[in-house]
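The values are calculated or read from the model by the stated rules, or taken from the named source; none is laboratory data. All values derive from a computational prediction rather than experimental measurement. Cβ: placed from backbone, ideal geometry, glycine included. Neighbour counts: every protein chain shown.
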Amino acid sequence: MASKLKTIGHYGIKFFESEHEMNDYDRQIEGEPYYSGEIQNMTYKKAIRIAEVHPNCMKYWEYAMMPLFKGYDKNTRGGTESPTKAIESLKTKGESGIDMPYIIIWKILN
């Protein structure tokens with residue numbers, strides 16, 4: 001089972017239960033994906049290009065000298081230092097209850 005399409009900026013994001021499902025979907029998108037694989041293996045450098053900056057980022061930076069990324073679930077709504085956790089928080093409650101470790105991120109608008 002694949003998740004519904006989510007977007008951040010000009011990027012489309014879908015989560016998957018298996019690598020096979022992810023690879024099947026990969027063939028349906030135009031161009032090369034920005035990232036496809038296990039979300040835990042996404043590099044920090046790739047994740048920060050996708051994750052949105054939290055509105056309180058400047059206040060947090062002054063306090064902790066760390067960037068703060070916008071989360072979308074109740075646990076990360078106040079922000080998170082982990083850009084991959086911010087992206088993963090796009091999962092719905094139902095999707096979070098299922099093990100969906102695979103992700104494809106691609107640029108929707110070129």
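Descriptive notes on the structure:
- Restricting the search to strands (runs of 3 or more DSSP E) fully inside the range 1-80 and requiring at least 2 residues that are touching a Phe, Trp or Tyr at 6+ places or on another chain (Cβ under 6 Å) gives 11-16.
- In the range 91-110, residue modelled with the lowest pLDDT [restricted to those that are aliphatic (A, V, I, L, M) and surrounded by fewer than 20 Cβ atoms within 10 Å (Cβ to Cβ)]: 109
- Condition met for residue 4 (more than 12 Å from residue 105 (Cβ to Cβ), under 14 Å from the mean Cα position of the chain (by Cα), charged (D, E, K, R) and at pLDDT below 95): yes
- Candidate set: the range 23-58, residues that are surrounded by 14 or more Cβ atoms within 10 Å (Cβ to Cβ) and over 23 Å from residue 100 (Cα atoms); chosen: the one farthest from the chain's Cα centre (by Cα): 57
- Of residues in the range 59-90 being in contact with an Asp or Glu (Cβ under 6 Å, 6 or more places away or on another chain) and either of a type in the set (Phe, Trp, Tyr) or over 16 Å from residue 15 (Cα atoms) (or both), the one surrounded by the fewest Cβ atoms within 10 Å (Cβ to Cβ): 66
- Per-region count, the range 53-94, residues more than 18 Å from residue 35 (Cβ to Cβ), among the aliphatic types (A, V, I, L, M) and in contact with a Ser or Thr (Cβ under 9 Å, 6 or more places away or on another chain): 1
- Here residue 42 fulfils each of the conditions (1) modelled with pLDDT under 90; (2) closer than 16 Å to residue 11 by Cα apart from (1).
- Count - residues of the range 81-110 that are part of a loop (DSSP other than H, G, I, E, B), among the polar types (S, T, N, Q) and under 10 Å from the mean Cα position of the chain (by Cα): 1
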